[in-house]
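The values are calculated or read from the model by the stated rules, or taken from the named source; none is laboratory data. Model, not experiment: these values are computed from the prediction. As a convention, Cβ positions derive from the backbone with ideal geometry for all residues, glycine included, and neighbour counts pool all protein chains shown. All accessible areas refer to the heavy atoms of the entire protein, side chains included, with ligands and DNA or RNA removed. Shrake-Rupley method; radii C 1.70, N 1.55, O 1.52, S 1.80 Å.
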Amino acid sequence: MSTGRHILVVEDERDMADMIAYALKRAGHSPVLAADGARAVQRATTSPPDLVVLDLMLPARPGLEVCKQLRTNPGTSQTPILMLTAKAEEADELLGLSAGADDYLTKPFSMKVLMARIEALLRRSAGSGGGDGAAGSVTLGQVVADLGSHTVMSDGQVVRLTLTEFKLLVALMQSPKRVLSRADLIARVMGPGIIVTARTIDVHIASIRKKLGMAGNQIRTIRGVGYQMSAEAEVVAE
Ligand code: CA
């Protein structure tokens, strides 16, 4: 159904890169390969992709650096990034998420799972361009989220959020006073059938809070339940 998308695959291992490119082509997409970080940033700048598959282990410039660079570049500040990590070490995955990745997959993975994650991320970004009548804005306390342009203002300052962070924030802002469990947030933001750990949500929320500054205290952690956002910034001992 979906038309082919432009997907940048950043991976130095040739066999792995070729396998991913092959699977993407079979799914009707147009993959572009980059074997190192410098080329990846250059390609993403000249022709912003619809999604980036980024390996964490790259020569010269680590994937984390590439991720941060893509996030500071206006053309790719909200492009979905799926990070591939070599080790099943949680620390690596959490670092990737805090560097701005939207999702991650640990090697070795099945191509079927990778393709499912890619399609889920593409669906999420397609539904966020305001094409489904999502124009307008949501305001809660000091935070204003513009659903059409995807911009967030906190205390009058522009805040740069990744796509995943934006969606999480909007989900919280649209249900003020309600406590949303991590499972609720995963279902609303990641879409059905996506398996991420609750810890992933915690990392994204921590990043959102930090970026919102003082207004970050409008998001409360309800221990053992989830998160709740209100118009007032409350300082809660954790
Ligand atoms: Ca690699």
**Message:** Please compute, for the alpha-carbon atoms of the range 137-229, the extent along each of the three principal axes and give them in descending order in Å.
**Reply:** 35, 26, 20
**Message:** Can you sort Glu93, Glu232 by solvent-accessible area, 1.4 Å probe, largest first?
**Reply:** Glu232, Glu93
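Please identify the trypsin sites (Lys or Arg not before Pro) of the range 67-124 that satisfy two criteria: DSSP loop assignment and at most 16 other Cβ atoms within 10 Å. Which are they? Write down the numbers at each step before the final one.
Numbers: sites: Lys68, Arg71, Lys87, Lys112, Arg117, Arg123, Arg124; in loops: Lys87.
Sites meeting the loop and neighbour criteria: Lys87.
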**Asked** So, in nm, how far is label Ala187 from label Thr139 when the simple model puts each one 7 Å beyond its Cα toward the Cβ?
**Response** 3.2 nm
**Message:** Out of the total accessible area of the chain (probe 1.4 Å, heavy atoms of protein only), what percent is carbon and sulfur?
**Reply:** 55 percent
**Item:** Two-site label geometry, Val158 and Met16: point separation in nm, points 7 Å out along Cα→Cβ
**Value:** 3.5 nm
**Prompt:** At Ala23 and Ala198, where each label point lies 7 Å from the Cα along Cα→Cβ, what is the point-to-point distance in nanometres?
**Reply:** 2.9 nm
**Item:** FRET efficiency, Met57 to Ala126 (Cβ-Cβ, R0 25 Å, nearest 0.05)
**Value:** 0.25
**Asked** What is the P(r) of the chain, as percent of Cα-Cα pairs per 5 Å bin from 0?
**Response** 1, 6, 14, 18, 19, 16, 11, 7, 4, 1, 0
**Asked** Can you give the accessible area per residue of the chain, in Å², using a 1.4 Å probe?
**Response** 47 Å²
**Item:** Candidates Arg160, Arg220, Arg178, ranked by Gaussian network fluctuation over the chain, Cα under 10 Å, top entry
**Value:** Arg178
**Item:** Mean projected area in nm² (Cα convex hull; one quarter of hull surface) for the range 6-126
**Value:** 6.5 nm²
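Suppose we keep just the DSSP beta bridges with both residues in the chain; what percent of those would be antiparallel, to 5? Could the numbers behind the result be given before it?
Working: 16 of 33 bridges.
Just about 50 percent of them are antiparallel.
In what sequence, highest mean first, do 180-187, 221-228 appear when ranked by Cβ atoms within 10 angstrom?
On the way: 180-187: 17.6, 221-228: 14.2.
In decreasing order of mean packing, 180-187, 221-228 become 180-187, 221-228.
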